[in-house]
Amino acid sequence: MSIIETKGVYKTYNTTKVPVNAVNGVDLKIEEGEFTAIVGPSGSGKTTLLNMLSGLDLPTRGDIFIENTNLKGLSSSQLIDFRLNNIGFVFQAYNLIPVLTVKENTEFIMFLQKVPKRERQKRVKELLGAVGIGDKMDYKPSQLSGGQQQRVAVARALASRPKYIIADEPTANLDSVSTSELLELMAQMNKKYNTTFIFATHDQRVMDKARRILTIEDGKILKDEQFDR
Amino acid sequence: MLRAIAWRNLWRNKLRSSIIMAALTIGIIGAVEMDGYMTGLTNQRVDAAIANEVSDIQLHNPGFLLNQETKYLIPHAGKKADEIRKIANVKAVSVRLKGAAMASSANAGAGISINGVVPDDEYRVSDLHDHIIEGTYLNNKQKIPAVIGQKLAKKLNIGVSDKLIVTMTDSTGTITNGAFLVVGIYKTSNTDFDKSNVFVTRKDLANLIGYPTNAGDEIAILLNSNQHTKAVTKKLNTLFSAEVKSHKLIIQSWDQIQPLLKSMVDMMNYFSYLFLIIVLAALTFAIINTMLMSMMERTREIGMLIALGMNKRKIVRMVMLETLFLSIIGALVGLAISILLVDYLSIHGLDLSSFAKGLNSIGYSSTVYFQVNREFYFTTVIVVVLLAILASIPAMMRALKLQPATAIREED
């Protein structure tokens, strides 16, 4: 069964005199455990599509089903809860909470989910060890490199045990070494936890790792390629 | 964890938070000290009025209050005084024979109120003996003694051992006069009182104007504390109900005798709270500004929190906690310093001797001993908490309106 299914999804912006279709009738199915990259030039609509897949934005027309839930049927409060319990995020600019330590940043999402403290601490230890940052649990984000911060972001995304992780240009701010390490890490996590990863990216190195590449242009999916990696 | 985030967010911009906290601290010190000054000033005035001028409760023949004429005596004043002494919380009772008179010396004359008192009883009711600056207080061994205020002594140009001539109406309505020997000069914080009140023994005054030596037209009652005024007044009204009902006797508490003083106390109290609210309301705008700035700087971060799944309730709690921490720290530091300052000034007083002339002329002391009621401190904390909650609303609204999809792409 598909974890995500979109049916005739459109997103139209009316900010100028002429309405602009950022996403122009996308039909898509993503299965559990996929490692998928959405690629395309700037302004092609990949971020808009990603926002809709993550419940941060709703389609103007069409439906998005996450398993059996139609996101369009959820109120803004329900969407927040839905994101909390189903979706993990890795952002381009890491977006860790600067006043919290690495440990607390990872724990925070579970705090929101009301996971018991003992369970939170167990998961934090396991995840930070898995992303190779277990020795920096009490560091603040500002004391870490970009690559290390993004590892914490991956641990945070996994901490909530989401159905899938949305990663918007996760390597854009990283050097080549950090990029390869991060991609390797995400591929491992994908295999270890069978967590679905969906990337929006320009980065060829990400595309080289992806097992499925969706090429989008003018809000439409032009190509849908599968790779055996 | 929200508490930790809110607390640490507070210190992200240490300078900005410290400035707001300092503003609150100074504002609260200002408001509390202002209340301490005003309460101290008015309470001292009330205490002085009770101790030297009116006592806690007075009994009169209603006619006396209209004309201040000695003929309006209180029937069986001595017997009544004995009954009053038996009432709980009554500290002392003095029966006075009082009237309007003209005092004169070889040099000048002045209208006065002459108070014929039993020295020992008056000693217990009034603090006048503590204000003798020259000579001695009245006693029964002296011959026709009189104690006068410093202002009157100056006006009449007389001193201790000089003669004071008193002219007044006697029991038959005839103008009579007599000579008293000035044995003491007093000075209170009320120059008007000092200018117009002469104290002599009741026996001497009664002899001069032809009344029995135990006659009285005023019974002054001092209580253990003015907190008992209402209860004792009620008891007196019950005890002398027949005379009160038939308008032969009127019982008044100090605030009824000096309504202006009572309204002054109420007004000062009102102004203290008004000042507190104005100061804190002004500071609220500074807190609103700080919190809005903080939210604007953290647009991306808050967008990220909403994206991750932080619900509106938790966002509201986080912003409110930040505002409360910011406000309460400033308020608590302000209150702590204020309490220490009030403590010091309640013992050592604030010396306003350069304004003594003006203050004394309206009955106020030139050294003000600060007093702040517990309710004022309590109200300050409540008002700070309420205003902090109010001040957090604009920042909260801004945070709640954020669209996570756009907010997370905001530049720092």
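Could you say whether any residue in segment B:74-81 is farther than 27 Å from B:Gln227 by Cα and surrounded by fewer than 18 Cβ atoms within 10 Å (Cβ to Cβ)? Yes, the conditions are met somewhere in segment B:74-81. Residue pairs whose Cβ atoms lie under 8 Å apart, sitting 6 or more positions apart in sequence or on different chains, and linking a residue in segment B:279-293 that is in a helix (DSSP H, G or I) to a partner that is basic (Lys, Arg), are B:Thr290/B:Arg16; B:Leu292/B:Arg398; B:Met293/B:Arg16.
Considering segment A:188-204 alone, what residues qualify as being more than 19 Å from A:Leu53 (Cα to Cα) and either loosely packed, with under 15 Cβ neighbours inside 10 Å or out of contact with any helix residue (DSSP H, G or I) (no Cβ under 8 Å at 6 or more places or on another chain) (or both)? Give the steps one after another, and end with the answer.
Step one: list which residues in segment A:188-204 are more than 19 Å from A:Leu53 (Cα to Cα), which gives A:188-189, A:191-193, A:203-204.
A:Gln188, A:Lys191, A:Lys192, A:Gln204 - these are the residues of segment A:188-204 that are more than 19 Å from A:Leu53 (Cα to Cα) and either loosely packed, with under 15 Cβ neighbours inside 10 Å or out of contact with any helix residue (DSSP H, G or I) (no Cβ under 8 Å at 6 or more places or on another chain) (or both).
Name the single residue, out of those in segment A:96-132 being outside any helix (DSSP H, G or I) and surrounded by 23 or more Cβ atoms within 10 Å (Cβ to Cβ), that is farthest from the other protein chains (Cβ to nearest Cβ).
By that ranking, first place goes to A:Val131.
Flag not set for A:Phe89, criterion: out of contact with any helix residue (DSSP H, G or I) (no Cβ under 7 Å at 6 or more places or on another chain) and either farther than 22 Å from A:Ser180 by Cβ or within 14 Å of chain B (Cβ to nearest Cβ) (or both).
Would you confirm whether any residue within segment A:42-51 is free of Cβ contacts under 8 Å to residues at least 40 places away in the same chain, closer than 30 Å to B:Glu297 by Cβ and either of a type in the set (Asp, Glu) or surrounded by 19 or more Cβ atoms within 10 Å (Cβ to Cβ) (or both)? Yes.
Looking only at helices (runs of 4 or more DSSP H) that lie completely in segment B:1-117, which have at least 2 residues being small (Gly, Ala, Ser) and within 14 Å of another protein chain (Cβ to nearest Cβ)? If you could, list the steps in order and put the result at the bottom.
Values: elements: B:2-10, B:14-48, B:62-67, B:77-85.
Hits in segment B:1-117: B:2-10.
Which pairs have Cβ atoms under 7 Å, sit 6 or more apart or on different chains, and link a residue in segment A:21-41 that is part of a loop (DSSP other than H, G, I, E, B) to one that is surrounded by fewer than 17 Cβ atoms within 10 Å (Cβ to Cβ)? Hits for this filter: A:Glu32/A:Asn194; A:Gly33/A:Asn194; A:Gly40/A:Glu217; A:Pro41/A:Glu217. In segment A:43-59, the qualifying residues are those that are in contact with a helix residue (DSSP H, G or I) (Cβ under 6 Å, 6 or more places away or on another chain) and closer than 16 Å to A:Ile165 by Cβ, and the one that is farthest from the other protein chains (Cβ to nearest Cβ) is A:Gly55.
Out of curiosity, is B:Thr42 crowded, with 20+ Cβ neighbours inside 10 Å, under 30 Å from B:Lys235 (Cα atoms) and in contact (Cβ under 8 Å) with a residue 60 or more places away in the chain? Judged against the criteria, B:Thr42 is a match.
Looking at segment B:12-20, can you tell me whether even one residue there is within 30 Å of A:Pro98 (Cα to Cα), in contact with a Gly (Cβ under 8 Å, 6 or more places away or on another chain) and assigned by TED's automatic domain parsing to the domain that holds B:Phe370? Walk me through it before giving the result.
Taking segment B:12-20 as the starting set, the residues that turn out to be within 30 Å of A:Pro98 (Cα to Cα) are B:12-20.
Subset that is in contact with a Gly (Cβ under 8 Å, 6 or more places away or on another chain): B:20.
Remaining after also requiring assigned by TED's automatic domain parsing to the domain that holds B:Phe370: B:20.
Yes: one or more hits.
Considering every residue within segment B:138-147, establish whether at least one is under 34 Å from the mean Cα position of the chain (by Cα), touching a residue at least 12 places away in the same chain (Cβ under 8 Å) and not in a strand (DSSP E or B). Scanning segment B:138-147, I find at least one residue that is under 34 Å from the mean Cα position of the chain (by Cα), touching a residue at least 12 places away in the same chain (Cβ under 8 Å) and not in a strand (DSSP E or B), so the answer is yes. For segment B:316-339, the criterion of a residue being among the aromatic types (Phe, Trp, Tyr), in the same structural domain as B:Leu276 (by TED's automatic domain parsing) and surrounded by fewer than 16 Cβ atoms within 10 Å (Cβ to Cβ) is satisfied by no position. Checking the structure you have, find out if any residue of segment A:65-75 is hydrophobic (A, V, I, L, M, F, W, C) and within 8 Å of chain B (Cβ to nearest Cβ). No, every residue in segment A:65-75 fails to be hydrophobic (A, V, I, L, M, F, W, C) and within 8 Å of chain B (Cβ to nearest Cβ).
The values are calculated or read from the model by the stated rules, or taken from the named source; none is laboratory data. These figures come from a predicted structure and were not determined experimentally. Note that each Cβ is placed from the backbone with ideal geometry, even for glycine, and that neighbours are counted across all protein chains shown.
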